[in-house]
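Visitor: My questions all concern the structure below.
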Amino acid sequence: MVDAIHGDFEQKIANDITIEPRDTMPDDYRKTLIRQISQHAHSEIVGMLPEGNWVTRAPSLRRKAVLLAKIQDEGGHGLYLYSAAETLGVTRDELLDQLHSGKAKYSSIFNYPSLTWADMGAIGWLVDGAAIMNQVPLCRASYGPYARAMVRICKEESFHQRQGFEIMHVLAKGTEVQKKMAQDALNRWWWPALMMFGPHDSDSTNTEQSMKWRIKRISNDDLRRKFVDVTVEQTKVLGLTVPDKDLMWNAETGHYDFGAINWAEFWNVVKGNGPCNKQRLEARKAAWQKGEWVREAAMAHAEKRKARKEALVAA
Ligand code: FAQ
C-alpha cells in the first residue's frame, strides 16, 4: 500500500525519477544514503594516502605529474561526495568527526601498504578498475546529487584505470626484475580488490533494501563477477598470472569461476585491524589539525566579504 507521506517518493522510485534534496523521503532512505555517500567520500580521501606515498619517488617527471593529477582528482571526488551528503542534512564537520573518531567506515582496500612503484600500476588498474565497475551503475542511483556526482567521478576514474594499466604494461613488458615487480603487485592487490565489492549478497545487510530504493542497481556478487571476467582478460594481455589456483573459465555460465575470498581477513580490516588502518587514520587526523589555520583564514575572509557586502547594501 502506498502511504500518504511517502506515496510520491515511491512513485518516483518506481518511475526512475530522481529524488532531490527537498523532496520527501523516508528517514531510512536518507540514513542509508548518508552512510553510503559518506563512506564513499572518506574512501576517496583516505585513498589518496597509498599513492601519496610514491609522489616523491615516481620514476620520472611525467609519472610524477600524472600521479599528482590522479591524487588531486581523488581529493576532488571526496569533496563532491561530501557536498552530496550535506544535501541530506548532515554537516561536513559531523562527517569528518565520524572519520577521525574511527566510527566511520571507508573502503578496506586503502588499509594495505603501497610497497613498490608497481603498486601505483596495480592501484590504478585494479582499485580504480573495481571502483568504476561499482560506480558506473551508481550514475543511475535514485538520489539526484549522488548520481550526478558519480558521472564526473566515473569519467576521471576511467583515466585513472588506464594510467594504472599502462604502468603495469610497461613493467610487465620490461626487464625480468620489472616483470617480477608487476606480478608481485598483482599478487598483493588482487584479493583485496575483490573484497572492495563487499560481502557476499547472502551476508550483505544493505543490498536488498538499497536495490529496492534503486540506490544500488547491481548486487555485490554480480559486480565482483563482472570485474573478474573483465580483469582476467586484461591480465592475459599483460602476460601476468592471477594469483588464484581455482580460477577457471566456466563455459556453462559464461563466467570465470574463482576461489574463495578470505572473509576473516576482510572483516579484520573493516574492524580497524588491517596493516595500515592506524597509520591512515593518524595521517588524516594530522592533516585536519595542520589545516586549521587555513580553515580559520577562509572563514575570516568570508566574514569580511559578507560584512563589506552588507555595508554596501545599507549605504
Ligand atoms: N570496505 O551491506 P553491505 C575508490 C561494509 S572509492 C569497508 O554489502 P553496502 C576510488 C558496509 O559499509 C572505493 N566496509 O554494504 C579510489 C556495511 O557496513 P555498514 C569506495 C565495507 O553499502 C581509487 C557492511 O560492510 N567505493 O576506490 C566494504 O550495501 C583509487 C555490509 O556490507 C564506494 O564506497 C569495504 N570494501 O555495499 C580512490 C562506492 N564493503 O555501513 C583512491 C559506493 C562493505 O552497514 C585511489 N559504495 N562494507 O556499517 C557502495 O557501492 C557500497 O557501499 C558497497 C557496500 C558496495 C561498498
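Visitor: Hey, any hits in the range 62-77 for a residue that's under 21 Å from residue 31 (Cβ atoms), open to solvent by 50 Å² or more (accessible area, probe 1.4 Å) and within 13 Å of the ligand (Cβ to nearest atom)?
Guide: Looking only at the range 62-77, we keep the residues that are under 21 Å from residue 31 (Cβ atoms), and these are none.
Within the range 62-77 (the criterion being under 21 Å from residue 31 (Cβ atoms), open to solvent by 50 Å² or more (accessible area, probe 1.4 Å) and within 13 Å of the ligand (Cβ to nearest atom)), the answer is no, since none of the residues qualifies.
Visitor: Residue check: is residue 59 closer than 30 Å to residue 290 by Cβ and either in contact (Cβ under 8 Å) with a residue 24 or more places away in the chain or surrounded by fewer than 21 Cβ atoms within 10 Å (Cβ to Cβ) (or both)?
Guide: When the stated conditions are applied, residue 59 passes them.
Visitor: Sort through 199, 192 and tell me the only one that's open to solvent by less than 10 Å² (accessible area, probe 1.4 Å) and within 26 Å of residue 262 (Cβ to Cβ).
Guide: Answer to the check: 192.
Visitor: To continue, here is another question. When only residues in the range 202-222 that are among the charged types (D, E, K, R) and either open to solvent by less than 50 Å² (accessible area, probe 1.4 Å) or in contact with a Leu (Cβ under 7 Å, 6 or more places away or on another chain) (or both) count, which is nearest to residue 235 (Cα to Cα)?
Guide: Once the filter is applied, the top-ranked residue is 221.
Visitor: Look through 206, 262, 220, 268 and report the one residue that is within 11 Å of the ligand (Cβ to nearest atom) and under 27 Å from residue 113 (Cβ atoms).
Guide: Result of the check over 206, 262, 220, 268: 220.
Visitor: Among the residues of the range 22-53, count how many are in a loop (DSSP other than H, G, I, E, B), more than 10 Å from the ligand (Cβ to nearest atom) and crowded, with 20+ Cβ neighbours inside 10 Å.
Guide: 1
Visitor: Out of the residues in the range 277-295 that are closer than 15 Å to residue 100 by Cα and among the hydrophobic types (A, V, I, L, M, F, W, C), state the one that is surrounded by the fewest Cβ atoms within 10 Å (Cβ to Cβ).
Guide: 286
The values are calculated or read from the model by the stated rules, or taken from the named source; none is laboratory data. This is a predicted model, so every value here is computed, not measured. Note that each Cβ is placed from the backbone with ideal geometry, even for glycine, and that neighbours are counted across all protein chains shown. We work out accessible area using only protein heavy atoms, side chains counted, and drop any ligands, DNA or RNA first. Shrake-Rupley method; radii C 1.70, N 1.55, O 1.52, S 1.80 Å.
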